[in-house]
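Below: one structure, written as structure tokens.
The values are calculated or read from the model by the stated rules, or taken from the named source; none is laboratory data. Given the structure is predicted, the values throughout are model-derived calculations rather than measurements. Here the Cβ positions follow ideal geometry from the backbone for every residue, glycine too, while neighbour counts run over all protein chains shown. Side chains included, ligands, DNA and RNA excluded: accessible areas come from the protein's heavy atoms. Shrake-Rupley method; radii C 1.70, N 1.55, O 1.52, S 1.80 Å.
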Amino acid sequence: MRKEYMMTPGPTPVPSEILLSQARPMFHHRTPAFTELLVSIEEGLKYVFQTKNDVLIFASSGTGVMESSIANLLSSGDKVICCSNGKFGDRLIKINEAYGTDIVKLEYDWDQVVKPEDIKRELDANPDVKAVYVVQSETSTGILNDVRAIGRIVRDYDAVLVVDSITGIGAVECKTDEWNLDIVMTGSQKGLMMPPGLACVAVSDKAWAAAEKSKLPKFYFSWKKAADSLHKPAPTTPFTPPVSLIVGLGEAIKLMRREGLENIIKRHAVLAEAARQGLEAMGLKLFAPVEGRGSAVTPVWVPDGVDGGKFVKLLKEKYGITIAGGQDHLKGRIFRIGHLGYFDKFDIMTTLAGVEMTLLELGYPITLGIGIQAAERVFMEN
Ligand SMILES: *Cc1c(COP(=O)(O)O)cnc(C)c1O
């Protein structure tokens, strides 16, 4: 028998409270019971997103709401600024390309943070920009972009600020309203501790004004349809919702309220710190620069002489621990340990122990337990 451990930054482990809640017998969505559930979830999402705005829910993975943030805000040929310092920033560019917008690209090396002053420069040079696209927590590299500073800039322009916070929400601070973030998006299989299948998007008044002018085609992913249904006397969804996932989301919000957002963010910061200290104690080099380290995922360089692909495979086959490798040009060169959502101290310890044993087996000189000790120290001090 071998136990499986999923230490990836999405999908993430799901607490049994949520799994069990989803086993509840099916009930119809045009009922007072569903409306009551939806209303309480709306309240809960506002708490989690730190916003007074509507948070719309769609049945899709995160990419669905990313796409909806183009279809609902823009018209063909509209100018946008797209920031990219990783795989998901690249995806924002690709979706914009698919919809035929006019893209001002701000591209960075994957170990760099997005520079807010570059956005200001491009906004000044391009007064017709309709939207600025940026990823808060770049899951491909663990880098945290400073969307607070970006929000402070974009609020003074006509452009709408669109933030992919898919591994930000529920892991790091993301103050939607206070930071002037017009659009904030997340997916269920990340910090919300849910199975994949739901995506949420918070929409500000400034964004609704932009949406009024948008001519790109939309139907299932129409924000207006979703908001209109939400504002009915008996709030509902325009189409059949994935009822079981919605029930699970209600449970997730209960768990998050019980822990408290502040504690959730603190827990993630401590887990990330323990992971970083543990890996550095093993002599490994962290990928993300000090000024851009997030709490959702810890990426680290594969040490010289170790085959990155073999390492991830052996960790899974021998110890049942699934971590993420690098993506695109970082494939085989970095590995990424997820600690986002339903993670606690001993998940980090388990992963670090597996990493140590696997590295040793692949010929990397290491004193067993050295990373564990460093992580233990972080936990005892926090
Ligand atoms: C997971 C993720 C997405 C969406 O990916 P899906 O597979 O469509 O859910 C988008 N952006 C970031 C930063 C992510 O981590």
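Could you tell me whether residue 167 is hydroxyl-bearing (Ser, Thr, Tyr) and either more than 16 Å from the ligand (Cβ to nearest atom) or closer than 26 Å to residue 78 by Cα (or both)?
no
Which is more than 28 Å from residue 209 (Cβ to Cβ), of a type in the set (Phe, Trp, Tyr), at pLDDT 95 or above and in a loop (DSSP other than H, G, I, E, B), of 34, 27?
Of the residues listed, the single one that is more than 28 Å from residue 209 (Cβ to Cβ), of a type in the set (Phe, Trp, Tyr), at pLDDT 95 or above and in a loop (DSSP other than H, G, I, E, B) is 27.
For residues in the stretch 297-328 being farther than 20 Å from residue 280 by Cα and of a type in the set (D, E, K, R), which is modelled with the lowest pLDDT?
Across the stretch 297-328, the extreme among qualifying residues is 328.
Restrict the check to the stretch 179-191 and report whether at least one residue is open to solvent by 60 Å² or more (accessible area, probe 1.4 Å), assigned by TED's automatic domain parsing to the domain that holds residue 250, more than 22 Å from residue 31 (Cα to Cα) and at pLDDT 95 or above.
So far as the stretch 179-191 goes, no, none of its residues is open to solvent by 60 Å² or more (accessible area, probe 1.4 Å), assigned by TED's automatic domain parsing to the domain that holds residue 250, more than 22 Å from residue 31 (Cα to Cα) and at pLDDT 95 or above.
Which residue out of 226, 209 is free of Cβ contacts under 8 Å to residues at least 12 places away in the same chain and over 18 Å from the mean Cα position of the chain (by Cα)?
209
Filter the stretch 19-63 down to residues that are within 16 Å of the ligand (Cβ to nearest atom) and among the β-branched types (Val, Ile, Thr) and give me whichever is nearest to residue 236 (Cα to Cα).
Out of the qualifying residues, it is 57.
Looking only at the stretch 82-130, how many residues end up being in a strand (DSSP E or B) and either open to solvent by 20 Å² or more (accessible area, probe 1.4 Å) or within 14 Å of the ligand (Cβ to nearest atom) (or both)?
Total satisfying the criteria: 9.
Only residues that are open to solvent by 10 Å² or more (accessible area, probe 1.4 Å) and either near the ligand (Cβ under 10 Å from one of its atoms) or among the acidic types (Asp, Glu) (or both): list them for the stretch 140-150, please.
146
Give me the pairs: first residue in the stretch 92-110 and over 27 Å from residue 291 (Cα atoms), second residue surrounded by fewer than 19 Cβ atoms within 10 Å (Cβ to Cβ) and hydroxyl-bearing (Ser, Thr, Tyr), beta-carbon distance under 9 Å, and six or more apart or on different chains, which are they?
95/63; 99/76; 100/76; 101/75; 101/76
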